[in-house]
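*Asks:* Take a look at the following structure, please.
The values are calculated or read from the model by the stated rules, or taken from the named source; none is laboratory data. Predicted, not measured: the structure shown is a model, and the values here were computed from it. Positions of Cβ are generated from backbone atoms using ideal geometry, with glycine treated the same way; all protein chains shown enter the neighbour counts. All accessible areas refer to the heavy atoms of the entire protein, side chains included, with ligands and DNA or RNA removed. Shrake-Rupley method; radii C 1.70, N 1.55, O 1.52, S 1.80 Å.
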Amino acid sequence: MDPQRDFVASGKSAFLMLPPEFVCGPKVQQMVWGNDGVHLAVLRRFEDITTGMIKDLIAQQPGVRAEPEQQLIVWSPTNRKTTTVLRLKPSQGEITEVSWIVGSSQMAVVGVFNPANPSGEVTVGVMVVSSAGSTIPVAQFSVSERYEVLPSPYKSQVALVRFPNSNLPKAGSSEAIKPSIVRTFGTNGILSPAFTMPEGSSLFWSSNGQLFALGFERDKSKPKKSVPVWYLANKASQKFERVATSPPDASPNEPTIKHELEIQNLNAKAAVKKIGVNAPIVVVQAETPEEDAPTVVTTDGGEGQISPTYNAISYIYQGSAMVRPMVKVPLEAYKQAKLAAIRMKLMNQAKQVALGLIMNMSDMDDNFVSNKGDWKTQLEPYMRDSSVFDGFNYTFGGGASGKINDPANTQLGYLEGTGGRAVAYADGHVKWIPNP
């Protein structure tokens, strides 16, 4: 493993990225990590294409094609196995949203489902699906209604918000604006009583598992200014009741914790410029980078996500789901390995310059080139890449090699590095000499 290519450090820890592994493919639509890093959910559209179908396609002959299906797959970084937990054909409907229920192996799955009876109504359904494949229906409602599924980032609870009227009443209409209704459910799929949300408010989960709503009202002292107003869902009264203080760690999306690593999804010009391809790149680095540059996860992949427990990084490669498992290693061991790798690189670079000097000396009647003139230009024909000269200090004055009494101890030059230097000698060998 290359410490500069396959490791990433956060300042607190270091992680080794193992070689990529294939999860499933193709046509991946969504990937979601469970908060415990034990499972990765992958939603994909699968179509079984046989060689016979390909032959019919090439011959432009009509053939029988199997109906494609949408599959919900769960991959475990522990046993490196995938399990298909849900299959859905287009005639049955389509999954639109998948999210893990915190602290569990269950997912909240939302989909649009077609009725078995053609005369029936298409509905939106919410269900709890386990990583083992069991399903529990939670709710079902009309597609004309708007909804929102909001899992708690702290507890095994999910809020289901229904917006009964998707459009505001027309001007002059006596019809009242219907309030939004919220109910919660857990891994058992049982819905709580309905809570009426305050008008114009948004939902927040707090770290203690309570459900809050945040609204705004005009400041009496400053009519043009709005002030936030918090409401707490009271199970006894089944109402949101106004509270004086904001909830602890209220968050609509995820806990406010400090992460060690972050993922960046970039687009970069491909190496083969003549075909003009923009290849996606995924890199990982410390959340607060210092001296370490970002580490490349893949040079042809996108939509990278890092597991919350830093045990793997997932990304999509040409439509397929891929992962790079990660292993935590002692930070000091990583630093030592990185220093050793840098020293080896400097020594190899110094070795190339030393050999170039010796080859040039042989072609120049056994005379080393002087360090006073443009010695780099004279050595370029002996080098594959002139960048090896970068940072090299050529200290030998030049002259006949026959006058060197002890080539093994006569320095030609050196490359400066952390804690020492790579020194090249007249006999071609290189040695690392620590700083005094």
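*Asks:* State the number of residues belonging to the range 338-395 that are in a helix (DSSP H, G or I) and not aromatic (Phe, Trp, Tyr).
*Replies:* Qualifying residue count, the range 338-395: 35.
*Asks:* Something else about it: Quick one: in the range 368-391, which of the residues that are small (Gly, Ala, Ser) and modelled with pLDDT of 90 or more is farthest from the chain's Cα centre (by Cα)?
*Replies:* Residue satisfying both the conditions and the ranking: Ser370.
*Asks:* Mind counting the residues in the range 186-216 that are polar (S, T, N, Q) and open to solvent by less than 30 Å² (accessible area, probe 1.4 Å)?
*Replies:* The number of residues fulfilling the criteria is 3.
*Asks:* Let me ask you something else. Just to be sure I understand the filter: pairs with C-beta atoms under 8 Å, separated by 6 or more residues or on different chains, first member in the range 3-29 and within 18 Å of Tyr317 (Cβ to Cβ) and of a type in the set (Asp, Glu), second member modelled with pLDDT under 90 and open to solvent by 50 Å² or more (accessible area, probe 1.4 Å). Which pairs pass?
*Replies:* Going by the 8 Å Cβ cut-off, the qualifying pairs are Glu21/Arg80.
*Asks:* Starting from the range 413-434, take each residue that is closer than 11 Å to Leu346 by Cα and list its partners that are assigned to a loop (DSSP other than H, G, I, E, B), counting only C-beta distances under 6 angstrom and pairs at least six apart or across chains.
*Replies:* Leu415/Gly391; Gly420/Asn435
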